[in-house]
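Here is the structure we will look at, set down as structure tokens.
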Amino acid sequence: MALQAEDITTLHQYAQGVMTRAEHHANTVGSIALALMGAIIWRADKGTIRIRQSAKGLANMLWLEINGKRYVLGYNHADETIELKDRSQTGSILYTFSNTTPVTDVESIFRAL
């Protein structure tokens, strides 16, 4: 089940969870996650951000639409990267991000979506 993220409170809660989890077991993506959150807020169509919920709260998977096309961002535990996928969590991987990804790449990738 996913929660519609329509306000800063929900996005703040999501960002806190992502950063806390990054500190504990995903230290390869914490910095780039901040850049991705900015890109999400900048480019997402209004009312399209949805965040996966689990029994523990908001999880590391987010759906959004840009220009009417759906994308999914999720953490890949095996590769320790954040993946941007086409349409669904099982969709084609379009890009992968880690702390080694230049922030300028995040901007150009999201600008082109």
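When you look at W42, is it in contact with a strand residue (DSSP E or B) (Cβ under 6 Å, 6 or more places away or on another chain) and at pLDDT 85 or above, yes or no? Spell out the reasoning first.
Values: in contact with a strand residue (DSSP E or B) (Cβ under 6 Å, 6 or more places away or on another chain): no; at pLDDT 85 or above: yes.
So W42 fails the test.
Taking every residue in region 4-23 that is surrounded by 15 or more Cβ atoms within 10 Å (Cβ to Cβ) and pairing it with any residue that is modelled with pLDDT under 80 and in a loop (DSSP other than H, G, I, E, B), at least 6 positions away or on another chain, the pairs with Cβ-Cβ distances below 7 Å are L11/A5; Y14/A5. Counting only strands (runs of 3 or more DSSP E) that fall entirely inside region 1-103 and contain at least 2 residues that are within 12 Å of the chain's Cα centre (by Cα) and β-branched (V, I, T), the qualifying elements are 81-86. Being modelled with pLDDT under 95 and of a type outside the set (G, A, S) is the filter here, so list the residues in region 88-105 that pass it. Selection gives Q89, T90.
Return yes when S108 is over 26 Å from T9 (Cβ atoms), assigned to a helix (DSSP H, G or I) and either at pLDDT 90 or above or within 10 Å of the chain's Cα centre (by Cα) (or both) and no when it is not. Write out each step before concluding.
Details: over 26 Å from T9 (Cβ atoms): yes; assigned to a helix (DSSP H, G or I): yes; either at pLDDT 90 or above or within 10 Å of the chain's Cα centre (by Cα) (or both): yes.
Spelling it out, S108 is indeed over 26 Å from T9 (Cβ atoms), assigned to a helix (DSSP H, G or I) and either at pLDDT 90 or above or within 10 Å of the chain's Cα centre (by Cα) (or both).
Filtered by the rule that a residue be under 18 Å from H25 (Cβ atoms) and either surrounded by fewer than 14 Cβ atoms within 10 Å (Cβ to Cβ) or in contact (Cβ under 8 Å) with a residue 24 or more places away in the chain (or both), region 81-95 gives T81, I82.
The values are calculated or read from the model by the stated rules, or taken from the named source; none is laboratory data. Just so it is clear, the structure is predicted and the values come from calculations on it, not from any experiment. Every residue, glycine among them, receives a Cβ derived from its backbone with ideal geometry; neighbour counts consider all protein chains shown.
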